[in-house]
Amino acid sequence: MARTIYFEDGSHEVIFCGSDDTDGLKAALERILRERLGNDTVSLLHDVIDPELNGIDALEWELKSYEGSCENYRACLGDVYDGLNQMVKLLRENRLNRSKLTELTDKLRKQINSEL
């Protein structure tokens, strides 16, 4: 189906694209805008039509950032888990070494605080 765009100067443009052909309609509008109003208007059209693309890029960056944070937290939890296992071994010994337990506890607390 043809669509006609009428301009204030009396001229018109006919677009021969189906209403389902969004790519064809977009290309036709870009051509008309470029010919009549210049490339700046076409750039503005892209900014208005495709804001979700900019949002998708920002979202992908944010997801990568979250992924990096999750990896850091996972590594910290692994270190804390290993430290807790060392503490359990120290507690199972016949003689309790308080200085080693205190040192290990302080180390783990410091590591957790640095991640928080």
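The values are calculated or read from the model by the stated rules, or taken from the named source; none is laboratory data. Since this is a predicted model, take the numbers as computed values, not measurements. Glycine gets a Cβ as well: all are built from the backbone with ideal geometry, and neighbour counts include every protein chain shown. Heavy atoms of the whole protein, side chains included, go into the accessibility calculation; ligands, DNA and RNA do not. Shrake-Rupley method; radii C 1.70, N 1.55, O 1.52, S 1.80 Å.
Being modelled with pLDDT under 85, open to solvent by 90 Å² or more (accessible area, probe 1.4 Å) and of a type in the set (G, A, S): is that true of S19 here?
yes
Can you pull out every residue in the stretch 37-65 that is modelled with pLDDT under 85 and either small (G, A, S) or closer than 23 Å to A2 by Cα (or both)?
The answer is V42, S43, L45, I49, G55, A58, S65.
For the stretch 59-82, enumerate the residues that are closer than 30 Å to D47 by Cβ and open to solvent by less than 60 Å² (accessible area, probe 1.4 Å).
Once the filter is applied, which keeps residues that are closer than 30 Å to D47 by Cβ and open to solvent by less than 60 Å² (accessible area, probe 1.4 Å), the stretch 59-82 yields S65, G68.
Report yes if I32 is modelled with pLDDT of 85 or more and not basic (K, R), otherwise no.
yes
Based on this model, can you work out whether S65 counts as under 37 Å from the mean Cα position of the chain (by Cα) and not in a helix (DSSP H, G or I)?
Criteria not met by S65.
I'm trying to understand the selection: among the residues of the stretch 83-92, which are open to solvent by 80 Å² or more (accessible area, probe 1.4 Å) and within 37 Å of the chain's Cα centre (by Cα)?
Correct list: L84 only.
Select from the stretch 93-116 the residues that are open to solvent by 70 Å² or more (accessible area, probe 1.4 Å) and part of a loop (DSSP other than H, G, I, E, B) and list them in ascending order.
Scanning the stretch 93-116 gives E93, N94, R95, L96, L116.
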